[in-house]
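Colleague: Just passing along the structure, written as structure tokens.
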Ligand code: NGO
């Protein structure tokens, strides 16, 4: 593994300025009501002194919205509530005046909470979530889920009081892009494992699932016009068959994510990290060594030839087919760690691929190296290793922040963590929480930033339990960095809220690292 240069970080500074007083009003928690531990922290939350809302067998979910989408969200909530409570929880359409109900309402007039926000209020009489969009309603349901006792996550019925504390919440995200990436190339993850990863993201209001589909070790997506790609490209780190998704399986992942209001961003890494692609197209290789099945973890050696027309025909076939089954607006071209090409060759390659991506109706996303090329304002640079993403400002392109020393989930939690890498440092949970994307790179401010993303590279990650062990508890940190206003974030408060989530993870079967920084 290349030791990635840390020199660039001399120009960076990370703040520890999150320790400001919270602007959120707080009151004493009423007796018999669980402490309110919502993650990400809502923009405004006040705990009332009134009676909680008690769920009973006849509590209905009443949906006041013209669309079936809202009704579906009502069913999602009912499906969560039924097994553990044993209650019927009918879902019906109805009017907002209903009492003794959980009311889900789409209200286009609630523009104050943006495209993804919601307002939630709980009294002894009624629970109501109002949102201008289905996405906002879904996020409000995730908050409601976290307000319920953790036992709600169980699929075994328990006879107890199921109550929701009296609260008033108004909430909306800070950033439009709240992403998590899973590398399915270094080690393959089944569709079912990917779905379970997506489930964790939905609970914490992420809205982007970036899937790193290809790298030197494995090509993981069927391309019908180029069947040799999957036939030749399947191994993984340490050997073994790896695997790939048929287009139908990929579409299933996209649908599953969309049902949870996550947009899938497919990544095909090029021109480097392309050994698996070159196995079936060796004549397009301009890398440092001839393509051969690769099970190691070095980077940078492979490269697609930028000067051959056939390269762009291959890229066009790949982008066209994946774009056609990807409803979201983005296509990620990788673009990182190219060692075998000149600056000029690299820039020309990125510009041609940008055209192809646009022609197939998508906005190009790439790792920060793409800022060496002439970008369109609609293209997006993903910062990870230096301050070079700042160059995106030249074209007015936006930046997604994924600084390795903060949010790379594949970095070890401590030097002795069995899994993970450490080239960017060891990222204990506080490291992943205590930073502000808007002050991380000098000269890159809030308005340049589209959002944040936590990548999980899988060189050392062989299965879902390992992925969860590295992701948790840092994933909720990044969720809060992306969603909550900086002024509402305090580590001392977060660590206590985070502790309250562990029993929930245990019921959900989510593995996690029990960091000593958290009062579990
Ligand atoms: C780097 C590299 C990946 C590695 C990862 C490991 C980027 C953008 N390129 O991040 O190929 O898997 O580090 O942490």
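Colleague: Calculate the spin-label point distance for residue 112 paired with residue 446, positioning each point 7 Å from the Cα along the beta-carbon direction, and give it in nanometres.
Modeller: Output for this residue pair reads 1.9 nm.
Colleague: Need the full-extension length gain, residue 51 to residue 517, defined as separation in residues times 0.36 nm minus the C-alpha distance. One decimal, nm.
Modeller: Result for the pair: 164.4 nm of gain on full extension.
Colleague: For the stretch 390-520, count all C-alpha to C-alpha pairs, find those more than 19 Å apart, and express that count as a whole percent of the total.
Modeller: Considering the stretch 390-520, 51 percent of its Cα-Cα pairs are separated by more than 19 Å.
Colleague: Divide the volume of the convex hull of the Cα atoms of the stretch 124-255 by its number of residues and quote the answer in cubic angstrom per residue.
Modeller: Value for the stretch 124-255: 161 Å³ per residue.
Colleague: For 453, 459, 161, 351, which order do you get if you count the other beta carbons within 10 Å of each Cβ and list the fewest first?
Modeller: So the residues, fewest neighbours to most, are 161, 351, 459, 453.
Colleague: If you bin every alpha carbon distance in the stretch 44-171 into 10 Å steps from zero, what whole percent lands in each bin?
Modeller: With 10 Å bins starting at 0, P(r) equals 14, 48, 33, 4, 0.
Colleague: What whole-number distance in Å separates the alpha-carbon centres of the stretch 191-265 and the stretch 358-421?
Modeller: 20 Å
Colleague: Do you know the relative contact order of the stretch 323-434, to the nearest whole percent, from alpha carbon pairs under 8 angstrom that are 6+ apart?
Modeller: That works out to 18 percent.
Colleague: Using mean Cβ contacts within 10 Å as the protection proxy, how do 398-406, 152-160 order, highest first?
Modeller: 398-406, 152-160
Colleague: In addition: Given R₀ = 30 Å, FRET efficiency for residue 158-residue 258 by Cβ-Cβ distance, to 0.05?
Modeller: Once the sixth-power term is evaluated, E becomes 0.40.
Colleague: Pull out the extension gain between residue 293 and residue 79, defined as 0.36 nm times the separation in residues minus the alpha carbon to alpha carbon distance; nm, one decimal.
Modeller: 72.5 nm
Colleague: Where Rh is the Kirkwood radius over the Cα pairs of the chain, the temperature 25 °C and the viscosity 0.890 mPa s, what D in µm²/s does Stokes-Einstein return?
Modeller: For the chosen part, D equals 103 µm²/s.
Colleague: Ok, one more. Treat the stretch 200-283 as a sphere of radius equal to its Kirkwood radius over Cα pairs and apply Stokes-Einstein at 4 °C in a medium of 1.567 mPa s; give the translational diffusion coefficient in µm²/s, rounded to a whole number.
Modeller: 95 µm²/s
Colleague: Let me ask something else about it. Mean separation of Cα pairs under 8 Å and 6+ residues apart, divided by the residue count of the chain: what relative contact order is that in percent?
Modeller: Once divided by the residue count of the chain, the mean separation gives 17 percent.
Colleague: Over the alpha-carbon set of the stretch 438-492, divide Rg by the Kirkwood Rh and report the Rg/Rh ratio to two decimals.
Modeller: Checking Rg against Rh, the ratio lands at 1.07.
Colleague: What's the ranking of 357-369, 133-145 by average number of surrounding C-beta atoms within 10 Å, highest first?
Modeller: Going by the mean number of other Cβ atoms within 10 Å, highest first, we get 133-145, 357-369.
Colleague: Okay, moving on. Computed on alpha carbon atoms, what radius of gyration and Dmax characterise the stretch 273-389, expressed in Å?
Modeller: Every Cα atom of the stretch 273-389 included, Rg and Dmax give 13.9, 38 Å.
Colleague: If you don't mind, there's one more thing I want to ask. For labels at residue 99 and residue 359 in the simple 7 Å Cα→Cβ model, what's the distance in nm?
Modeller: 6.5 nm
Colleague: Shifting gears a bit: Counting pairs of alpha carbon atoms under 8 Å apart in space and at least six apart in sequence, what relative contact order in percent does the stretch 400-471 give?
Modeller: Numbers: 104 pairs, mean separation 29.2, N = 72.
Relative CO of the stretch 400-471 lands at 41 percent.
Colleague: Add -39500 (n - 2.57) for each DSSP H run of 4 or more in the chain, then divide by its residues: what number comes out at 222 nm, to the nearest 500 deg cm²/dmol?
Modeller: -8000 deg cm²/dmol
Colleague: Computed FRET efficiency, Cβ-Cβ of residue 247 and residue 310, R0 22 Å: what is it to the nearest 0.05? It would help to have the intermediate numbers written out before the result.
Modeller: Working: r = 23 Å, r/R0 = 1.05.
With a Förster radius of 22 Å, E is 0.45.
We did not get these values from a lab; they are worked out from the coordinates using the rules stated. These numbers were taken from a predicted model, which means no experiment stands behind them. For neighbour counting, all protein chains shown are included, and Cβ atoms are generated from backbone atoms with ideal geometry for every residue, glycine included.
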